[in-house]
Amino acid sequence: MQKILLFLLPIIFLFARKEEVEALYSQIETDNLTKLFAFYHLHSDTEFGNSALDSAFSLINKHREEKIALTTIPLFHRIDLGSFLTMLTKQPEEKVPKLEKEQIEFIEKISSHLHHHQLKGHKAKNIKEVLALPSHQVDLARAIFLSQYGDQMDLVKSYEASLDLFALSILARLPKNPTKDQTIEQISHFIFYEMLFRFPPHSLWIKDIDTYTFLPSILDSRHGVCLGVSILYLSLAQRLGIDLTICTPPGHIYLSYTNEAGEEINIETTARGIHIPTKRYLSIQTKEIEHKELKEVIGLYHINAASVFWHGDRYEKAIDQYEAALKYMPKDVLTQTLLGFNCLLAGKEAKGRYYLGQIKGKKIAGSITSNLCAEDFLNGDVGMEGIQAIYESVDETRESIIHKQKELMKIVEKHPKFRDGIFHIATTWLQLGRKKEALQVLEGYHKIDSNNPIVEYYLTYLNMERLKQEQASRHYKKLCFLLAQEKHMPDGVKDMKKMLKMQALLD
């Protein structure tokens with residue numbers, strides 16, 4: 001009897017394992033490509049493992065005109081699926097693994113139906129080839145990776161493979177011929193709720209903005225600032241054949257599209273892809289939203305890369321990046337301004353003055369003001385120390401704000417017509433909660449220049465708070481006059497008028 005039990009024991013364990021594997025298989029969502037491949041990877045020696053593999057290929061073939069079968073991949077069973085599955089299952093801060101040639105070829109084969117393969121830019125081997133392309137033929141991810149890694153195509157293709165797997169995972173959850181709304185919903189769900197990409201805490205990104213701007217670093221860390229996550233979003237949308245509008249209010253970027261119902265839907269990538277009405281992006285200073293072409297996004301990438309070098313006092317490197325950005329956006333006022341400043345900081349005064357001269361009096365697209373710091377420098381109202389102080393980074397701590405304020409006060413004492421310096425001193429007082437002092441500083445600014453709508457707005461607001469009706473009304477009239485010249489009347493200014501009327505009634 002004992003011998004019979006010993007004989008049956010392996011069979012009992014076999015049946016027990018079979019039941020356990022079957023139970024695990026039954027719990028896998030039928031549209032989850034990652035889990036199906038992972039299940040096959042772990043249980044390839046079982047019938048359920050092979051069923052999972054068949055289901056995975058069915059999901060891939062759902063959106064392919066030319067179906068793909070395992071028989072067309074003779075070396076499939078020798079490919080280590082573990083590494084590329086890590087791309088989808090890794091924890092934040094773990095690096096995306098560098099894939100072997102066979103793994104990359106496998107991913108390229110199963111993703112060959114993705115839209116970006118049809119773009120001329122997907123075959124680009126260097127930036128020169130990217131620059132020669134029209135914007136609609138640029139493969140954004142390829143261009144960004146080439147900008148960072150040059151001719152290291154093994155790294156370029158490893159990171160591209162990660163994006164391809166992301167796109168395949170999104171497609172697996174979409175019906176055939178999905179609507180834009182369905183596709184965008186799935187991209188947002190995948191990025192923000194499955195992969196858990198997040199905007200980093202301020203204390204982190206202010207110190208390491210490069211980590212949260214550059215696409216490889218974002219894929220590694222799962223954290224990104226607005227530009228970085230927008231590039232990720234655009235790269236996936238390109239793979240899925242969705243054209244998005246790139247919206248760039250000053251200092252920010254978000255995406256939008258028009259759905260089948262004709263509605264404009266915005267995608268705020270710093271807030272998990274939610275829709276924020278366009279008017280919320282407008283302000284006293286921003287009267288309209290500029291739209292960028294895809295190639296210009298590469299220029300924005302170089303601008304952010306330049307800021308990393310600038311804040312590290314590596315001005316020559318920053319100049320290289322700004323000049324690279326100008327190749328994609330040659331008439332961009334902001335790029336020329338920042339390039340001019342860095343040339344001055346690097347001791348290249350003639351070159352710096354040339355670029356600042358090109359933008360004197362010109363406004364950043366969508367803005368109602370020009371760069372006063374550049375104008376003050378060209379007019380001889382401040383020297384290089386003023387530019388350095390204005391663009392000195394602060395970490396929002398009280399000590400940092402006070403340090404910047406003291407530096408600016410020294411400069412303004414020496415250069416009393418340095419308008420940007422005076423304005424930033426007022427800003428530091430507001431940051432410190434000292435509105436009375438801010439009002440006094442801005443009144444001094446007004447005596448030098450009464451044609452800055454931003455200053456008139458603050459003077460109206462601060463006088464209203466102190467119930468100085470006459471002064472508030474005077475600055476409000478000046479504000480409305482300046483805004484009328486710009487054909488701009490934001491909601492906040494309209495609300496001011498109502499509050500002024502209420503104060504007059506109370507008086």
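The values are calculated or read from the model by the stated rules, or taken from the named source; none is laboratory data. None of the values given here were measured: they were computed from a predicted structure. No Cβ is skipped: glycine too gets one built from the backbone with ideal geometry, and neighbour counts run over all protein chains shown. For accessibility, only protein heavy atoms count, side chains too; no ligands or nucleic acids. Shrake-Rupley method; radii C 1.70, N 1.55, O 1.52, S 1.80 Å.
Search segment 477-491 for residues that are in contact (Cβ under 8 Å) with a residue 12 or more places away in the chain and more than 18 Å from Arg280 (Cα to Cα) and pair each with any residue that is hydroxyl-bearing (Ser, Thr, Tyr) and assigned to a helix (DSSP H, G or I) when their beta-carbon atoms are under 8 Å apart and the residues are at least 6 apart or on different chains.
Note: pairs meeting the criteria are Leu479/Tyr457; Leu479/Thr460.
Do you know which residues across segment 351-370 are in a helix (DSSP H, G or I) and either touching a residue at least 24 places away in the same chain (Cβ under 8 Å) or more than 21 Å from Phe309 (Cα to Cα) (or both)?
Hits for segment 351-370 are Arg353, Tyr354, Gly357, Gln358, Ile359.
Given the condition in contact with a Cys (Cβ under 7 Å, 6 or more places away or on another chain), assigned to a helix (DSSP H, G or I) and closer than 25 Å to Glu486 by Cα, answer yes or no: does some residue in segment 422-441 qualify?
no
Table: residues versus (1) open to solvent by 50 Å² or more (accessible area, probe 1.4 Å); (2) at pLDDT 85 or above.
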position: Leu6; (1), (2): yes, no
position: Leu9; (1), (2): yes, no
position: Phe13; (1), (2): yes, no
position: Arg17; (1), (2): yes, no
position: Glu22; (1), (2): yes, no
position: Tyr25; (1), (2): yes, no
position: Glu29; (1), (2): yes, yes
position: Thr34; (1), (2): no, yes
position: Tyr40; (1), (2): no, yes
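Does Glu47 satisfy the condition of being open to solvent by 50 Å² or more (accessible area, probe 1.4 Å) and modelled with pLDDT of 85 or more?
yes
Consider only pairs whose beta carbons are under 8 Å apart and that are at least six residues apart or on different chains; among these, list those whose first residue lies in segment 41-70 and is aliphatic (A, V, I, L, M) and whose second residue is open to solvent by 40 Å² or more (accessible area, probe 1.4 Å) and part of a helix (DSSP H, G or I).
Pairs found: Ala52/Tyr25; Leu53/Leu70; Ile68/Lys109.
Just a yes or no: is a residue in segment 418-436 more than 30 Å from the chain's Cα centre (by Cα), surrounded by 15 or more Cβ atoms within 10 Å (Cβ to Cβ) and over 29 Å from Lys497 (Cβ atoms)?
Looking through segment 418-436, at least one residue is more than 30 Å from the chain's Cα centre (by Cα), surrounded by 15 or more Cβ atoms within 10 Å (Cβ to Cβ) and over 29 Å from Lys497 (Cβ atoms).
Is there a residue in segment 468-479 that is over 26 Å from Glu396 (Cβ atoms), assigned to a loop (DSSP other than H, G, I, E, B) and in contact with a helix residue (DSSP H, G or I) (Cβ under 9 Å, 6 or more places away or on another chain)?
Checked segment 468-479: at least one residue is over 26 Å from Glu396 (Cβ atoms), assigned to a loop (DSSP other than H, G, I, E, B) and in contact with a helix residue (DSSP H, G or I) (Cβ under 9 Å, 6 or more places away or on another chain).
With the requirement that a residue be out of contact with any Ser or Thr (no Cβ under 9 Å at 6 or more places or on another chain) and not β-branched (Val, Ile, Thr), what does segment 276-287 give you?
Pro277, Lys279, Arg280, Tyr281, Leu282, Ser283 - these are the residues of segment 276-287 that are out of contact with any Ser or Thr (no Cβ under 9 Å at 6 or more places or on another chain) and not β-branched (Val, Ile, Thr).
Within the bounds of segment 324-347, is there any residue that is small (Gly, Ala, Ser) and in contact with an Asp or Glu (Cβ under 7 Å, 6 or more places away or on another chain)?
Yes, the conditions are met somewhere in segment 324-347.
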